Each structure stands twice: as C-alpha cells, then as structure tokens.
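A short write-up of the structure that comes next.
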Amino acid sequence: MSQETLSPPPEDAPVAIVTGGGSGIGRAIAQRLTDDGMRVLAVDLKPSADGPGEPFAADLTTREGNRAAIEAALERFGRIDAIVPNAGFQHVAPVADFPEDRWDAMLSLLLTSPFLLAKYAWPELARRGDGRIVVVASAHALVASPYKSAYVSAKHGALGLVKTLALEGAADGILATALCPGFVRTPLVEAQIADQARAHGVPEERVLEDVILAPHAVKRLLEPEEVAGVVAFLLGPGGRAFTGVPVTMDLGWTAR
Ligand SMILES: NC(=O)c1ccc[n+]([C@@H]2O[C@H](COP(=O)([O-])OP(=O)(O)OC[C@H]3O[C@@H](n4cnc5c(N)ncnc54)[C@H](O)[C@@H]3O)[C@@H](O)[C@H]2O)c1
C-alpha cells in the first residue's frame with residue numbers, strides 16, 4: 001500500500017515505542033509499524049528530517065531520558081502496547097585501549113535502557129494482557145568478535161534481560177524476545193569501517209568483505225526493512241508463541 005492511500009491509524013490503534021527511531025533499523029521499524037496501522041513514538045537523541053514523523057528527543061543513557069520517553073507516549077497516545085528498544089552505537093577498540101566512558105555509555109544504552117523502558121512501561125504492557133517487548137539485540141548476543149568487548153557484553157546481557165522479562169511477564173501476557181540480526185546496511189556499520197581497518201590492519205576497502213561479511217555464510221548485508229518485517233511479525237498475532245528467546249536472522253553466522 002502506498003503512503004498516499006494510508007489513512008491515519010484509528011485513535012484506539014495499539015501504540016509502540018521505538019528507540020533509535022531516527023536512523024537505520026529503528027527508522028525502518030517505525031515506518032513499518034506505522035504502515036501496519038500502529039501509532040508509533042519514535043525516540044532518538046535528536047529530531048531527524050526524513051523519518052516517519054519527528055522523533056521524540058531523549059538521551060536514553062539516562063534514567064530521565066527513559067522515563068521521559070514513556071511519559072511522552074502516554075501523554076500523546078494514552079496507552080503503550082509494545083516497546084522496541086533499538087537505539088545503539090558501536091565502538092571498536094582492543095580491551096587494553098577501550099575507553100572506560102564508552103563502556104559505561106554503551107552498557108547504559110544497550111542494556112540499562114531496555115530494562116528501564118520495560119520497568120516504566122510494565123503496568124501499561126500488563127493492562128491488556130498482550131504487551132510485547134522486542135529488544136533489537138544482535139548476533140553478538142550469541143557470539144563474540146574481537147575489539148567489541150562492551151557491545152558483545154551488553155548484547156549478551158540484553159538476551160539475559162529478555163529471558164527474565166519473559167518469565168516475569170508470562171502471567172500478565174507480556175511476551176519478550178531478543179531479535180538477533182547479523183550485519184545490516186546502516187550508518188552504524190558504515191561508521192565502523194575506518195576503526196575496523198585500523199584494529200584488524202586491513203585497508204578500508206577490504207573491510208566489508210574481509211571483516212564484516214566474514215562470519216556470514218551468505219555474503220550480503222541484511223536490509224533494515226528485513227529486520228523491520230520480523231519486528232512487525234513478532235508484534236502481530238504470529239508472534240504469540242515467541243517469548244524468552246533470541247530470534248536469530250544472521251545469514252548463517254551462528255551456524256558454525
Ligand atoms: N547495523 C547492524 O549491522 C546491526 C546488527 C545487529 C544489531 N544492530 C543493532 O540495531 C540497533 C540499531 O542500529 P542501527 O544499525 O540502525 O544504527 P544507527 O546508527 O543507524 O541508528 C542508531 C540510532 O540510535 C540513536 N542513539 C544513539 N545513542 C542514543 C542515545 N543515547 N539516546 C537515544 N538514541 C540514541 C542514534 O542517534 C541513531 O539514530 C542497535 O542496537 C544495534 O546494535 C545493528
């Protein structure tokens with residue numbers, strides 16, 4: 001269906017919060033859920049010009065930012081049916097050189113923000129007996145790569161969080177999953193090419209093939225829209241059997 005033929009979602013349409021909604025995977029998720037008829041609050045560090053509506057600006061490395069995002073959704077829409085913690089960044093450096101402030105910020109964004117969003121939204125998610133939490137984790141929730149100590153640790157932690165949310169949420173009908181994609185064509189991947197070249201000692205033009213795509217059995221990047229399609233499935237009726245698990249879409253990475 002084209003954008004022009006879409007009518008605005010009805011006022012009682014379910015509501016999703018998508019963090020990192022101003023770029024890459026988050027923007028594709030916000031667009032897809034909007035196209036599917038949900039009301040979406042995209043949250044990001046700053047507003048962006050060309051996404052599906054202006055994201056609500058909040059720094060999700062802080063408690064205040066996470067609380068503000070939940071309050072903004074309730075103020076704007078009056079309910080919350082799903083949260084999709086997705087905001088993230090990457091930092092590539094050996095452990096001995098890894099900046100400690102970057103470690104703290106990454107743990108705050110990739111692990112503590114999903115916890116805080118779930119905590120603050122919990123009564124809303126439990127209210128209708130069908131709340132959903134889909135954390136955009138990574139294949140790095142399941143396996144490690146060198147030079148990504150904070151990212152791999154935080155993503156493994158996010159999978160542990162999801163398992164706990166699933167056990168605690170079951171009685172209230174809250175389902176929680178960790179989506180685990182391989183490499184996706186987004187600014188996050190493009191931004192690490194220079195650092196990967198430095199850390200691995202290969203020229204920048206070889207990084208995509210020799211480093212980034214090396215673990216994929218199928219040698220291509222995922223597209224953000226493919227990830228968004230799986231989030232839409234997990235938030236829909238077909239997602240009812242999935243909770244407490246990684247949902248892996250990694251082009252064969254973790255088959256080894
Ligand atoms: N791109 C990949 O290959 C890939 C693979 C697996 C998982 N992921 C995960 O997908 C998620 C989205 O990544 P992406 O590739 O779309 O990256 P991206 O850089 O395109 O988008 C990330 C968004 O998060 C926002 N953000 C960063 N810090 C924030 C903060 N403190 N508060 C609020 N928002 C903040 C950024 O502004 C940006 O808009 C991340 O969690 C990432 O780890 C990405």
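The values are calculated or read from the model by the stated rules, or taken from the named source; none is laboratory data. Since the model is a prediction, treat every value here as computed from it, not as a measurement. A quick note on method: Cβ atoms are made from the backbone with ideal geometry, for glycine too, and the neighbour counts reach across all protein chains shown. The accessibility values were calculated without ligands, DNA or RNA, using every heavy atom of the protein model including side chains. Shrake-Rupley method; radii C 1.70, N 1.55, O 1.52, S 1.80 Å.
If a residue has to be more than 23 Å from Ala158 (Cβ to Cβ) and within 16 Å of the ligand (Cβ to nearest atom) to count, how many in the range 218-247 make the cut?
The initial filter retains those residues of the range 218-247 that are more than 23 Å from Ala158 (Cβ to Cβ), namely 218-220, 237.
With within 16 Å of the ligand (Cβ to nearest atom) added as a condition, the list becomes 218-220.
Total satisfying the criteria: 3.
Has the range 132-143 got any residue that is touching a residue at least 24 places away in the same chain (Cβ under 8 Å) and surrounded by fewer than 17 Cβ atoms within 10 Å (Cβ to Cβ)?
yes
Of all residues in the range 140-165, count the ones that are within 22 Å of Leu116 (Cα to Cα) and within 17 Å of the chain's Cα centre (by Cα).
Pass one, the range 140-165, residues within 22 Å of Leu116 (Cα to Cα): 140-141, 150-165.
Narrowing further to those that are within 17 Å of the chain's Cα centre (by Cα): 140-141, 150-163, 165.
Counting residues in the range 140-165 that are within 22 Å of Leu116 (Cα to Cα) and within 17 Å of the chain's Cα centre (by Cα) gives 17.
Given the conditions (1) at pLDDT 95 or above; (2) under 29 Å from Ile80 (Cα atoms), and given that Leu188 satisfies all but one, which numbered condition is not satisfied?
So Leu188 meets the others, but not (1).
Need the failing condition index for Met106 against (1) touching a strand residue (DSSP E or B) at 6+ places or on another chain (Cβ under 9 Å); (2) open to solvent by less than 10 Å² (accessible area, probe 1.4 Å); (3) within 12 Å of the ligand (Cβ to nearest atom), just the number.
Result: Met106 fails condition (1) only.
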